[in-house]
Amino acid sequence: MSAIDVYLEAMRRGLHLEPREGGMLAIMPPDRCPPEFVAVLRQHKRELLDLLEAKANHLPADCAPWLHIARQVTEGEFDGADRSTVESISIGIRSVPHPLCRRALEYLQNHGTA
C-alpha cells in the first residue's frame, strides 16, 4: 500500500490527516480511526507527512517521495554514496520547486559528491 493509497483510505473513512510540529501526524476525528488503521498510518507516517507537505505547497503527489529523499540527503544519509547515485538524486530533486530540495542540492554540492 502506498502513501497515496493510505491517504485515500483515510479520506474514505472520513478522516482528516494533518502534519503537526515535531514530525507528528494528527488524525481527526481520532475516535473514528480504528486501531488497525492507526497501525497502517504509523507505518506510512513519514511518507504521509511528505505527501501532505507536497499538497500544501501545491506540488504534484509524485513530488512527495523526492521531499523524503531530500530530507535524507540533508541528514547525511547519502554521504559516501557513489557518483551515479548522487547524480540520480540530483536530477530528481532538481525538478522539485521546494526549499528542502534546494537545500539538499546545496548539501550535495558542498560535500563534494555532486
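Readers should treat all values here as calculations from the given coordinates under stated rules, not as data from a laboratory. Note that the structure is a prediction, hence the values are computed from the model and not measured. Cβ: placed from backbone, ideal geometry, glycine included. Neighbour counts: every protein chain shown.
A few notes on this one:
- The per residue volume of the convex hull around the alpha-carbon atoms of the chain is 109 Å³.
- For the chain, the longest principal axis of the C-alpha atoms and the axis of helix 45-56 are separated by about 80°.
- Neighbour counts of other Cβ atoms within 10 Å put S95, S90, S2 in the fewest-to-most order S95, S2, S90.
- A Förster distance of 22 Å, applied to the separation of the beta-carbon atoms of V38 and S2, puts the FRET efficiency at 0.75.
- Across G76, G22, G14, mean-square fluctuation computed from a Gaussian network of the chain (C-alpha pairs under 10 Å connected) peaks at G22.
- Distance in nm between pseudo-label sites at D31 and R102 (7 Å out along the Cβ direction from Cα): 4.5
- Helix 64-74 and the longest principal axis of the Cα set of the chain meet at an angle near 50°.
- In percent, rounded to a whole number, the relative contact order of region 59-114 is 43, using alpha-carbon pairs under 8 Å and six or more apart.
- Placing a pseudo-label 7 Å from each Cα along the Cα-to-Cβ vector at D82 and M11 gives an inter-label distance of 4.0 nm.
- Prolate/oblate/rounded label for region 1-56 (Cα gyration tensor, a/c 1.5): rounded
- Distance between region 11-56 and region 89-104 - C-alpha centres, whole angstrom: 25
- Total formal charge among the other residues, if their Cβ is under 14 angstrom from that of R102, Lys/Arg +1 and Asp/Glu -1: +2
- Neighbour-count order for V73, V40, fewest beta carbons within 10 angstrom listed first: V40, V73
- Region 59-114 shape via C-alpha gyration tensor axes, a/c threshold 1.5: prolate
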